[in-house]
Every structure is written in C-alpha cells, then in structure tokens.
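Heads up, the thing below is written out as structure tokens.
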Amino acid sequence: MVMWRAALRARELGLVPGYRVYTLGEDGHIVGRADIDCLHDEAAVERAQNLADGHAVELWEGTRRIALINKDGSSTRYAAN
C-alpha cells in the first residue's frame with residue numbers, strides 16, 4: 001500500500017495521534033498554533049522543525065509535551081509520560 005494511503009487509513013481509524021505545534025514569540029508566549037497528524041513522535045518533531053521558520057516552537061500531543069525546538073534549530077526532547 002502506498003504510504004500516504006496507509007496514513008490516510010490510519011487517520012480514518014483514529015490511529016494517528018493529533019499533534020499541536022505552538023509557535024513562541026520572543027517573550028516565550030504562544031503567538032500561533034498548527035495542528036498536524038503524524039504516525040509517530042519522530043515524524044511530528046521533523047514536521048515541527050519545518051514549521052518553525054526561525055521561531056521557537058513547542059510540540060504537544062494532547063497533554064504530553066514532546067519537544068521544544070529553539071529558533072536556532074536545536075531541540076530538547078521530553079521523556080514520554
């Protein structure tokens with residue numbers, strides 16, 4: 001099966017976690033948000049890095065904070081809870 005079809009089917013079945021990417025301003029406050037669907041955390045981190053566009057972003061799945069990506073591209077991963 002083509003990968004995008006597999007992802008679409010997983011989303012239809014509710015198997016794909018919904019992630020949120022919060023864009024942070026210079027003062028650390030949230031200035032934007034993007035909702036993304038990815039098959040796993042690593043893919044979500046990569047998408048969040050692409051969305052950062054020179055800003056710091058935080059990646060969340062529900063109440064679980066996954067990563068902080070700094071505006072310089074460095075990142076901090078948080079332990080799964």
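No value in this document is a laboratory result; all are computed from the given coordinates. As the structure is a computational prediction, the values presented were derived from the model and not from experiment. Counting neighbours? That spans all protein chains shown, and the Cβs are built from the backbone with ideal geometry, glycine included.
The phi torsions of segment 33-40, fed into the Karplus equation with coefficients 6.51, -1.76 and 1.60 and a -60° offset, translate into couplings of 8, 10, 9, 10, 10, 9, 6, 7 Hz, rounded to whole numbers, with Gly and Pro shown as x. Applied to segment 51-65, the Karplus parametrisation 6.51 cos²θ - 1.76 cosθ + 1.60 on θ = phi - 60° returns per-residue 3J(HN,Hα) values of 7, 4, 6, x, 10, 7, 9, 10, 10, 10, 10, x, 8, 9, 7 Hz, with x for Gly and Pro.
Residue ranges 48-60, 25-37, 67-79 sort as 48-60, 67-79, 25-37 when ordered by packing (mean number of other C-beta atoms within 10 Å per residue, highest first). What does the charge count near Arg77 come to, summing +1 for each Lys or Arg and -1 for each Asp or Glu among other residues with Cβ under 15 Å from its Cβ? The answer is -2. The gain in end-to-end length when the Arg65 to Arg9 segment is fully stretched comes to 17.6 nm, 0.36 nm per residue minus the alpha carbon separation.
The stretch between Arg77 and Ala43, if pulled fully straight at 0.36 nm per residue, gains 10.9 nm over its current Cα-Cα span.
Take every Cα pair under 8 Å whose residues are at least 6 apart in sequence, average their separation, divide by the length of segment 16-77, and the relative contact order is 31 percent.
If we count every other residue with Cβ under 14 angstrom of Ala34's Cβ, Lys/Arg +1 and Asp/Glu -1, where does the sum land? Every neighbour counted, the sum reads -3. For segment 16-77, what ratio Rg/Rh do Cα atoms give with a Kirkwood hydrodynamic radius? Ratio of gyration radius to Kirkwood radius: 0.93. Counting only other residues whose beta carbon sits under 13 Å from that of Arg65, what net charge do I get with K and R as +1, D and E as -1? Neighbour charge sum, excluding Arg65 itself: 0. Per-residue extension of 0.36 nm, minus the Cα-Cα distance of His55 and Glu26, leaves a gain of 9.6 nm for this segment.
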